[in-house]
Amino acid sequence: MFFEIIFFSLLSIITAIIVILFKKRSFDLNRYNINIRGYKLLILAAVIKITAEFLFKKYTDITLLRILSLNWVIYFGLIYVSLLNIKNPFMMLIFLGTLFNFAAIAANGFKMPVYVSEQLFDVEAKKMFLLSGKDLVHTLLTEETKLKFLCDIITLHPPYPFPKAISLGDVFLLAGVFAFWQDLFYKSSKDLKH
């Protein structure tokens with residue numbers, strides 16, 4: 001999901017710049033103060049998530065795997081930071097996305113069930129990988145899956161650069177990222193005088 005957030009952030013920045021130019025506004029980042037209370041917790045959560053996934057792929061020690069499987073605890077930090085900043089419209093979207101994803105994960109053994117579309121590449125290999133338990137945060141969506149509507153069921157097909165399935169929560173998270181960048185750029189711009 002981090003690659004998607006980076007990719008979507010870049011698209012959001014480009015869109016925001018186009019909107020500012022179209023509305024004939026100048027951009028001055030010094031005019032806007034990014035004020036997200038608890039932002040260090042967001043950075044820590046990202047570091048924990050990336051580190052856990054990296055270590056899970058590299059090492060198979062049973063004790064280490066038990067510790068790494070608790071990486072879902074970062075959702076409490078994400079929800080906390082979202083609630084601290086809930087007055088920002090983009091944070092409401094991020095809060096809802098985080099809550100939806102956590103509900104799906106908590107209801108399914110603390111792994112996100114994934115629907116593997118027949119239109120993606122290597123369908124059987126992806127299904128086998130998800131069934132094998134070798135993915136720290138994902139599992140295959142089955143008949144026993146709970147809260148299917150909150151799981152990774154929305155397929156992003158090529159030409160999207162990262163073909164995969166995302167969840168309703170991911171859509172809200174990406175909308176929150178988009179709204180953040182739009183808000184940042186718009187508040188940092190001013191009308192150009194003719």
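Checking each residue in region 162-173 for being open to solvent by less than 20 Å² (accessible area, probe 1.4 Å) and hydrophobic (A, V, I, L, M, F, W, C) picks out A165, I166. In this structure, L10 does not satisfy being at pLDDT 80 or above and in contact with a helix residue (DSSP H, G or I) (Cβ under 8 Å, 6 or more places away or on another chain). Pairing residues of region 165-180 that are touching a residue at least 24 places away in the same chain (Cβ under 8 Å) and of a type in the set (D, E, K, R) with residues that are open to solvent by 20 Å² or more (accessible area, probe 1.4 Å) and in a helix (DSSP H, G or I), at Cβ distances under 9 Å and at least 6 apart in sequence or on separate chains, gives D170/F100.
Among the residues making up region 108-147, those that are open to solvent by 70 Å² or more (accessible area, probe 1.4 Å) and part of a helix (DSSP H, G or I) are E124, K126, M128, F129, L131. Within region 119-147, residues that are at positive phi and touching a residue at least 12 places away in the same chain (Cβ under 8 Å) reach partners that are part of a loop (DSSP other than H, G, I, E, B) and surrounded by 13 or more Cβ atoms within 10 Å (Cβ to Cβ) with beta carbons closer than 9 Å, at six or more positions or on different chains, in the pairs L147/N108.
Looking only at residues that are out of contact with any helix residue (DSSP H, G or I) (no Cβ under 7 Å at 6 or more places or on another chain) and in a loop (DSSP other than H, G, I, E, B) in region 148-161, which one is surrounded by the most Cβ atoms within 10 Å (Cβ to Cβ)? Among those residues, the one meeting the criterion is I153.
The values are calculated or read from the model by the stated rules, or taken from the named source; none is laboratory data. None of the values given here were measured: they were computed from a predicted structure. FYI the Cβ positions are ideal-geometry reconstructions off the backbone, even for glycines, and counts take in every protein chain you see. Only protein heavy atoms, including side chains, enter the accessible area calculation; ligands, DNA and RNA are left aside. Shrake-Rupley method; radii C 1.70, N 1.55, O 1.52, S 1.80 Å.
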